[in-house]
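Scroll down for the structure; my scribbles are underneath it.
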Amino acid sequence: MASGKSTIAAEIAGHTGLPHLNLDNLFWGAGWTPVDPMTFQNRAREVLCTETWIADGNYGGPVGEILLGHAELAIWLDLPLRTCLPRLLKRSFRRAARGEELFAGNQETFRHLFARDSILLWGPAHHRQHRRRWHHHLGPNKPHGLPVLRLTRSTVVTPELRAMGLLPPAARAVAPCRTR
(Lines give C-alpha, C1' and ligand atoms only; values in the text may rest on other atoms or scores of the structure.)
Protein backbone atom coordinates (compact mmCIF):
# COMPACT_ATOMS: atom_id res chain seq x y z
CA MET A 1 0.00 0.00 0.00
CA ALA A 2 1.68 3.15 -1.31
CA SER A 3 5.20 1.88 -0.71
CA GLY A 4 6.16 2.61 -4.32
CA LYS A 5 5.77 -0.91 -5.76
CA SER A 6 4.16 0.10 -9.04
CA THR A 7 6.41 3.12 -9.54
CA ILE A 8 9.61 1.16 -8.93
CA ALA A 9 8.41 -1.77 -11.04
CA ALA A 10 7.64 0.58 -13.94
CA GLU A 11 11.07 2.24 -13.60
CA ILE A 12 12.86 -1.13 -13.54
CA ALA A 13 10.85 -2.33 -16.53
CA GLY A 14 11.65 0.88 -18.40
CA HIS A 15 15.35 0.52 -17.70
CA THR A 16 15.61 -3.21 -18.40
CA GLY A 17 13.09 -3.41 -21.23
CA LEU A 18 11.26 -6.26 -19.49
CA PRO A 19 7.44 -6.29 -19.56
CA HIS A 20 5.75 -4.80 -16.48
CA LEU A 21 2.83 -6.64 -14.93
CA ASN A 22 0.73 -4.88 -12.31
CA LEU A 23 -1.28 -7.61 -10.57
CA ASP A 24 -4.07 -5.13 -9.81
CA ASN A 25 -4.82 -5.14 -13.54
CA LEU A 26 -5.54 -8.87 -13.28
CA PHE A 27 -7.50 -8.65 -10.02
CA TRP A 28 -9.97 -5.82 -10.53
CA GLY A 29 -13.04 -5.87 -12.71
CA ALA A 30 -15.37 -3.00 -13.54
CA GLY A 31 -16.96 -1.13 -10.64
CA TRP A 32 -14.11 -2.09 -8.27
CA THR A 33 -15.38 -5.66 -8.30
CA PRO A 34 -12.70 -8.32 -7.86
CA VAL A 35 -12.71 -11.04 -10.48
CA ASP A 36 -13.44 -14.50 -9.15
CA PRO A 37 -10.41 -16.19 -7.53
CA MET A 38 -9.94 -18.83 -10.24
CA THR A 39 -9.97 -16.19 -12.99
CA PHE A 40 -7.38 -14.19 -11.06
CA GLN A 41 -5.19 -17.27 -10.57
CA ASN A 42 -5.48 -18.27 -14.23
CA ARG A 43 -4.66 -14.75 -15.41
CA ALA A 44 -1.63 -14.59 -13.12
CA ARG A 45 -0.44 -18.07 -14.07
CA GLU A 46 -0.71 -17.29 -17.79
CA VAL A 47 1.33 -14.09 -17.55
CA LEU A 48 3.84 -15.24 -14.93
CA CYS A 49 4.72 -18.37 -16.89
CA THR A 50 6.35 -16.24 -19.59
CA GLU A 51 10.12 -16.12 -19.54
CA THR A 52 10.77 -12.63 -18.18
CA TRP A 53 8.76 -9.94 -16.42
CA ILE A 54 8.70 -7.37 -13.67
CA ALA A 55 5.60 -7.76 -11.49
CA ASP A 56 4.21 -5.72 -8.66
CA GLY A 57 1.39 -6.27 -6.26
CA ASN A 58 0.55 -7.17 -2.70
CA TYR A 59 -1.25 -10.47 -3.16
CA GLY A 60 -0.88 -13.55 -1.02
CA GLY A 61 -2.65 -16.86 -1.42
CA PRO A 62 -2.34 -18.88 -4.60
CA VAL A 63 -1.37 -15.87 -6.74
CA GLY A 64 1.37 -14.90 -4.30
CA GLU A 65 2.67 -18.47 -4.43
CA ILE A 66 2.61 -18.47 -8.25
CA LEU A 67 4.51 -15.17 -8.25
CA LEU A 68 7.15 -16.36 -5.78
CA GLY A 69 7.44 -19.69 -7.59
CA HIS A 70 8.36 -18.05 -10.89
CA ALA A 71 10.41 -15.07 -9.63
CA GLU A 72 14.20 -14.82 -9.72
CA LEU A 73 14.35 -11.96 -7.20
CA ALA A 74 11.86 -10.42 -4.79
CA ILE A 75 12.20 -6.75 -3.94
CA TRP A 76 10.31 -6.18 -0.72
CA LEU A 77 9.52 -2.53 -0.05
CA ASP A 78 8.92 -3.00 3.67
CA LEU A 79 8.34 0.64 4.54
CA PRO A 80 6.74 1.87 7.76
CA LEU A 81 3.17 3.15 7.87
CA ARG A 82 4.47 6.65 8.65
CA THR A 83 6.03 6.64 5.16
CA CYS A 84 3.20 4.90 3.29
CA LEU A 85 0.20 6.73 4.75
CA PRO A 86 1.15 10.24 3.53
CA ARG A 87 1.92 8.74 0.11
CA LEU A 88 -1.46 7.00 0.07
CA LEU A 89 -3.29 10.20 0.94
CA LYS A 90 -1.43 12.26 -1.66
CA ARG A 91 -1.83 9.63 -4.40
CA SER A 92 -5.51 8.98 -3.72
CA PHE A 93 -6.49 12.65 -3.58
CA ARG A 94 -4.48 13.37 -6.75
CA ARG A 95 -6.18 10.51 -8.59
CA ALA A 96 -9.62 11.62 -7.43
CA ALA A 97 -9.01 15.25 -8.36
CA ARG A 98 -7.70 14.34 -11.82
CA GLY A 99 -10.20 11.55 -12.47
CA GLU A 100 -7.34 9.18 -13.30
CA GLU A 101 -8.43 5.86 -14.74
CA LEU A 102 -6.98 2.84 -13.01
CA PHE A 103 -7.62 -0.87 -13.43
CA ALA A 104 -10.54 -2.01 -15.61
CA GLY A 105 -11.65 1.59 -16.06
CA ASN A 106 -12.06 2.17 -12.31
CA GLN A 107 -11.45 5.58 -10.80
CA GLU A 108 -10.85 6.74 -7.28
CA THR A 109 -13.43 9.43 -6.54
CA PHE A 110 -13.81 11.63 -3.51
CA ARG A 111 -17.03 9.79 -2.75
CA HIS A 112 -15.15 6.48 -2.95
CA LEU A 113 -12.33 7.82 -0.74
CA PHE A 114 -14.76 8.60 2.06
CA ALA A 115 -16.80 5.40 1.79
CA ARG A 116 -16.71 2.64 4.41
CA ASP A 117 -14.55 0.44 2.14
CA SER A 118 -12.14 3.25 1.22
CA ILE A 119 -8.49 2.51 0.52
CA LEU A 120 -7.77 5.30 3.01
CA LEU A 121 -9.25 3.14 5.77
CA TRP A 122 -8.36 -0.28 4.38
CA GLY A 123 -4.67 0.47 3.79
CA PRO A 124 -3.68 1.54 7.29
CA ALA A 125 -5.91 -1.14 8.86
CA HIS A 126 -4.13 -3.91 6.92
CA HIS A 127 -0.57 -2.54 6.85
CA ARG A 128 0.69 -4.61 9.80
CA GLN A 129 -1.06 -7.77 8.56
CA HIS A 130 0.62 -7.44 5.14
CA ARG A 131 4.05 -6.91 6.74
CA ARG A 132 3.61 -10.07 8.85
CA ARG A 133 2.52 -12.10 5.83
CA TRP A 134 5.47 -10.94 3.71
CA HIS A 135 7.87 -11.47 6.60
CA HIS A 136 6.76 -15.10 6.62
CA HIS A 137 7.20 -15.44 2.84
CA LEU A 138 10.26 -13.24 2.36
CA GLY A 139 11.94 -13.03 5.76
CA PRO A 140 15.06 -14.89 6.92
CA ASN A 141 13.24 -18.22 7.41
CA LYS A 142 11.41 -18.06 4.07
CA PRO A 143 10.08 -21.37 2.77
CA HIS A 144 11.86 -21.12 -0.61
CA GLY A 145 15.31 -20.19 -1.90
CA LEU A 146 14.29 -16.99 -3.67
CA PRO A 147 16.78 -14.13 -3.19
CA VAL A 148 15.09 -11.21 -1.42
CA LEU A 149 16.12 -7.57 -1.33
CA ARG A 150 14.31 -6.11 1.68
CA LEU A 151 14.29 -2.32 1.74
CA THR A 152 13.00 -0.70 4.93
CA ARG A 153 13.74 2.98 4.27
CA SER A 154 12.61 4.97 1.24
CA THR A 155 16.00 6.71 1.08
CA VAL A 156 17.79 3.46 0.19
CA VAL A 157 15.43 2.17 -2.50
CA THR A 158 16.86 4.00 -5.51
CA PRO A 159 20.55 3.69 -4.52
CA GLU A 160 20.22 -0.06 -3.84
CA LEU A 161 18.43 -0.70 -7.14
CA ARG A 162 20.97 1.42 -9.01
CA ALA A 163 23.80 -0.54 -7.41
CA MET A 164 22.20 -3.75 -8.72
CA GLY A 165 21.88 -2.28 -12.21
CA LEU A 166 18.08 -2.38 -12.07
CA LEU A 167 17.81 1.40 -12.42
CA PRO A 168 19.95 3.70 -14.53
CA PRO A 169 22.89 5.43 -12.87
CA ALA A 170 22.20 8.84 -11.40
CA ALA A 171 22.70 11.71 -13.77
CA ARG A 172 25.93 13.42 -12.91
CA ALA A 173 25.79 17.07 -12.16
CA VAL A 174 28.06 19.01 -14.45
CA ALA A 175 29.85 21.92 -12.86
CA PRO A 176 29.53 25.16 -14.78
CA CYS A 177 32.56 26.03 -16.86
CA ARG A 178 34.45 29.02 -15.52
CA THR A 179 36.17 31.31 -17.94
CA ARG A 180 38.56 34.07 -17.02
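Quickly run through the range 78-113 and pick out the residues that are β-branched (V, I, T) and under 22 Å from L151 (Cα atoms). Full working, then the answer.
Residues of the range 78-113 β-branched (V, I, T): 83, 109.
Once the filter is applied, which keeps residues that are β-branched (V, I, T) and under 22 Å from L151 (Cα atoms), the range 78-113 yields only T83.
Looking at (1) free of Cβ contacts under 8 Å to residues at least 40 places away in the same chain; (2) surrounded by fewer than 17 Cβ atoms within 10 Å (Cβ to Cβ); (3) of a type outside the set (D, E), find the lone condition where T16 falls short.
Among (1) free of Cβ contacts under 8 Å to residues at least 40 places away in the same chain; (2) surrounded by fewer than 17 Cβ atoms within 10 Å (Cβ to Cβ); (3) of a type outside the set (D, E), T16 violates only (1).
State all residues of the range 15-31 that are part of a helix (DSSP H, G or I), over 25 Å from T83 (Cα atoms) and under 18 Å from the mean Cα position of the chain (by Cα); if no residue qualifies, say none.
H15, T16, L26, F27
Filter the range 43-78 for residues that are surrounded by fewer than 14 Cβ atoms within 10 Å (Cβ to Cβ) and either in contact (Cβ under 8 Å) with a residue 40 or more places away in the chain or not acidic (D, E) (or both) and give the result.
Residues satisfying the conditions are C49, T50, T52, G61, G69, E72, L73.
Looking only at the range 73-112, which residues are acidic (D, E) and assigned to a loop (DSSP other than H, G, I, E, B)?
Within the range 73-112, D78, E100, E108 qualify.
Only one of E101, E108 is free of Cβ contacts under 8 Å to residues at least 24 places away in the same chain, out of contact with any Pro (no Cβ under 8 Å at 6 or more places or on another chain) and open to solvent by 70 Å² or more (accessible area, probe 1.4 Å). Can you tell me which?
Only one candidate passes the filter, namely E101.
The values are calculated or read from the model by the stated rules, or taken from the named source; none is laboratory data. As the structure is a computational prediction, the values presented were derived from the model and not from experiment. Note that we place each Cβ from the backbone using ideal geometry, even for glycine, and neighbour counts take in every protein chain shown. Please note that ligands, DNA and RNA were not included when accessible areas were found on the heavy atoms of the full protein model with its side chains. Shrake-Rupley method; radii C 1.70, N 1.55, O 1.52, S 1.80 Å.
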